[in-house]
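Asks: One structure coming up, written as structure tokens, with questions to follow.
The values are calculated or read from the model by the stated rules, or taken from the named source; none is laboratory data. It should be emphasised that the depicted structure is a prediction, and the values quoted were computed from it without experimental measurement. In this analysis, Cβ positions are derived from the backbone assuming ideal geometry, glycine residues included, and neighbour counts consider all displayed protein chains.
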């Protein structure tokens, strides 16, 4: 499939060059500039690096030219601070005249940049941030990552069908966490379940011990968790240390708690954890196997996680949109070409909803198992073509 | 709940070991060393790296972490810190923040920014229940309490019963007079700083399991150490001990009983205590 | 030279001061692509000025000055969103709110050692951050406050995408406060502040009302910090929790100490140096710039700021202390 694409691109490039006489538009041959705004330092640096790897992998595989235009990536570190993101975005748009803004590791960063995208009519591809309202902040935003409510649905549907009737939820006290708590509660109650308690852990310096103790005292069938990627280890360790698993409490959660990048180091405490998420590195498809292999080679042994895939797919969306608009589209034309794209990603089949500009994808239910000596999220069930519930409700 | 009390004590003792070096350094050398957290991080990383790459058992790593960090502390004290004693507080703050930045960035560069995971030996994992679950003692936290209690008794003994201890106390109370009496203040400074940093390193190694370990550790936890020192005062070690226990229990209990208020409790408590007793809750009169 | 002449000399305008201000105002024209950076520097410089008032001139160590910065920002943002999008009115509101908070907090910094004050001020800033996180129906919580659209300044100058309006707006406000504060610190009032900084006991002995001076200057500094915060919220159209974070207060203190405390230009110089360094270094090595800043700080302090500016003294033998 990769070879196909390469010939296709080369063919397009040749065709474009052939037509580049007389009636050539001004945009032909001009570099396609993509402004990549990522948190490369600070607590979310790993997100930034995964996205950068995903982007560069796509370019390595599909070429650094699209529709006759050389692709230029301008990478800026916003350290995860929204007013810096906003300033950098403004500079990228005004000084560097980028055609596309991409990246956005966290919700506030994306929200801060939305008005810039609208004002300057620049397409904006969100590759990580996961709160529902983001795509509504500007008509120029396309998302290839996921939304928390979309993903939480998975486990909220699965749990009641599998003997879990009473649940306590434990989430980190910030936007995505509260989103997850709400979605889970609504869907779980709808399916006849019962919420025994809803706990929130502070975002900074989380010490899970007292909260987990409280969970233990409430004696639910299962504990539903949502924590940002990277914090899962501490939670799992404390879960086991406190004896919650021996007390018969199952652990279910949104997939970030079993983040692929660090899953293997978590050790046996993670075994048996059931989560729902759009991507697992062990997803059984030829596209994914190739992707994981190439990614690990490029990143020197780091497994791709969800952000890496979202970035890879984001680049695909950009490239295809540029090709569809024959390399001359900007702003609104590009966004229109991005809407409705449907294709096979390493995670499975996905498409960009033409109405909401948000991503629609399969949500897999998976369990952490040891495969060939390494820990993986093995998918055993799936909810197909899940749209963001926060929007479909409208 | 007894379990909550137990957890709070464990957390408090860990904070104490981490912060006691800072308290003594501040009291002795009147030097605000914001890089203290970096020493703790160093100890944690020494342990993790030895365990992951050299297969050294956990218990052996602990003294190595202590000694390694102590040596690092001694080295830095002799070369860099010594020149900073006479400088104004602000410059000291700037210097130590600069050191912390360098440490954080170096850790990020050489080791990577992911959370480090400590694989405990089996006898430290697990939990014992008493009174039908009313008191659950995690073995690792029990271990922490025992080790820290032993260290505290050891420190108190050194301070109160040995000649070095009396020299140290003299130098803390009045440096000039102590020097005038023939006490080699430089040696006292060097050894105290080294031991203080070593303890921080040990605390970092012990705490990697409970508090997590990544390059931003110094920045995240510095404020807790400062709270312990500010509330406990810098003139004794029982002061910081009680302050650390208070902080640990208040934090854990607050999050359990009133989770909505969580972090508020610690900060408000600290502000109230410091306004009521600006020299710290437990300082002796006559000390700095 | 008698006392009066020397005091007058000290408060006279040096020739390079107006020149620098002219350069600052010309910057958005000379380098229009960097207007945003100019406006950011202007705002942070104003913030640093406010800290200099308490740190440099009065000797109050504070790690929580960002509390007033943040509350000014949120006040201005909320005012623009819910009441009226006029920027100048918003600034007045920001200043009022921050001043009120400063007056209340000034009660906390009266007693105790440097460390105590450090912790108390830090505690207040962190409390405010928690509060802002908790009241997310009002403040947008961790996502930040969106949807702040500013009206044109003085009814005529729209905030544009290039940031030139923002830069001139920030610079004008900055200049105004610079002039006001300059007048303040060169006055007898300012002299009493410096006396308190140098030796509080002696100041009390000659009859200076130390506590009321501390309260007044802390409140004033809080108000100015609130203005800076309001400017930030207005020029970026956004307010988020990290305005209250330790990083902000710590960075600010660094800037001030880099530039030098106790002369108003210290905050401005430090802000310029720090921000430019950040911008340049992080575009070269986005991941590890903190290392170079740390190294710079360590060297700066070891070598001494004055000597750093005079390279020929670097290897000279230091005189005995």
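Asks: Kindly indicate which of C:142, C:167, C:132 is buried (at least 22 other Cβ atoms within 10 Å of the Cβ), in the same structural domain as residue C:104 (by TED's automatic domain parsing) and under 18 Å from the mean Cα position of the chain (by Cα).
Replies: C:167
Asks: Also: Return the residues of the range C:120-173 that are assigned to a helix (DSSP H, G or I), within 22 Å of residue C:24 (Cβ to Cβ) and within 12 Å of chain A (Cβ to nearest Cβ); say none if nothing qualifies.
Replies: Result: C:164, C:166, C:167.
Asks: Okay, next question. What's the number of the condition residue A:66 fails, among (1) surrounded by 24 or more Cβ atoms within 10 Å (Cβ to Cβ); (2) in contact with a strand residue (DSSP E or B) (Cβ under 7 Å, 6 or more places away or on another chain); (3) at pLDDT below 90?
Replies: Among (1) surrounded by 24 or more Cβ atoms within 10 Å (Cβ to Cβ); (2) in contact with a strand residue (DSSP E or B) (Cβ under 7 Å, 6 or more places away or on another chain); (3) at pLDDT below 90, the lone unmet condition for residue A:66 is (1).
Asks: Any idea which of B:235, B:192 is crowded, with 18+ Cβ neighbours inside 10 Å and more than 14 Å from chain C (Cβ to nearest Cβ)?
Replies: Going through B:235, B:192 in turn, the sole match is B:192.
Asks: For residues that are within 10 Å of chain A (Cβ to nearest Cβ) and surrounded by fewer than 18 Cβ atoms within 10 Å (Cβ to Cβ), scanning just the range B:245-258, find the one that is nearest to residue B:9 (Cα to Cα).
Replies: Across the range B:245-258, the extreme among qualifying residues is B:253.
Asks: Just to be sure, is residue A:61 without any contact (Cβ under 8 Å) to a residue 12 or more places away in the chain, under 26 Å from residue A:324 (Cα atoms) and part of a helix (DSSP H, G or I)?
Replies: Against the criterion (without any contact (Cβ under 8 Å) to a residue 12 or more places away in the chain, under 26 Å from residue A:324 (Cα atoms) and part of a helix (DSSP H, G or I)), residue A:61 does not qualify.
Asks: Regarding residue A:251, is this residue buried (at least 19 other Cβ atoms within 10 Å of the Cβ), over 30 Å from residue A:97 (Cα atoms) and not assigned by TED's automatic domain parsing to the domain that holds residue A:116?
Replies: It is true that residue A:251 is buried (at least 19 other Cβ atoms within 10 Å of the Cβ), over 30 Å from residue A:97 (Cα atoms) and not assigned by TED's automatic domain parsing to the domain that holds residue A:116.
Asks: Give the residues of the range C:196-210 that are surrounded by fewer than 14 Cβ atoms within 10 Å (Cβ to Cβ) and under 16 Å from residue C:109 (Cβ atoms), sorted by residue number.
Replies: C:209
Asks: Taking the residues in the range A:339-385 that are part of a loop (DSSP other than H, G, I, E, B) and touching a helix residue (DSSP H, G or I) at 6+ places or on another chain (Cβ under 8 Å) as candidates, determine which candidate is surrounded by the fewest Cβ atoms within 10 Å (Cβ to Cβ).
Replies: A:341
Rundown of residues vs (1) more than 15 Å from the chain's Cα centre (by Cα); (2) part of a helix (DSSP H, G or I); (3) crowded, with 19+ Cβ neighbours inside 10 Å; (4) modelled with pLDDT of 90 or more, yes/no style:
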site	(1), (2), (3), (4)
A:237	yes, yes, yes, no
A:265	yes, yes, no, no
A:289	yes, yes, no, yes
A:295	yes, yes, yes, yes
A:300	yes, no, no, no
A:313	no, yes, yes, yes
A:317	no, yes, yes, yes
A:329	yes, no, yes, no
A:332	yes, yes, no, no
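Asks: Within the bounds of the range C:201-217, is there any residue that is without any contact (Cβ under 8 Å) to a residue 24 or more places away in the chain and within 14 Å of chain A (Cβ to nearest Cβ)?
Replies: No.
For every residue, the table says whether it meets (1) over 16 Å from residue B:40 (Cα atoms); (2) in contact with a strand residue (DSSP E or B) (Cβ under 7 Å, 6 or more places away or on another chain); (3) modelled with pLDDT of 80 or more.
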{"position": "B:60", "(1), (2), (3)": "yes, no, yes"}
{"position": "B:63", "(1), (2), (3)": "no, no, yes"}
{"position": "B:69", "(1), (2), (3)": "no, no, yes"}
{"position": "B:100", "(1), (2), (3)": "no, no, yes"}
{"position": "B:128", "(1), (2), (3)": "yes, yes, no"}
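Asks: Would you tally the residues in the range B:75-123 being buried (at least 17 other Cβ atoms within 10 Å of the Cβ) and within 30 Å of residue A:239 (Cα to Cα)?
Replies: The number of residues fulfilling the criteria is 10.
Asks: Here's a follow-up. Tell me the helices (runs of 4 or more DSSP H) entirely within the range B:16-117 that contain at least 3 residues that are touching a residue at least 40 places away in the same chain (Cβ under 8 Å) and within 10 Å of chain C (Cβ to nearest Cβ).
Replies: So the answer is B:89-111.
Asks: Please work out if residue A:330 is within 24 Å of residue A:102 (Cα to Cα) and either touching a residue at least 40 places away in the same chain (Cβ under 8 Å) or outside the structural domain of residue A:308 (by TED's automatic domain parsing) (or both).
Replies: Yes: the conditions hold for residue A:330.
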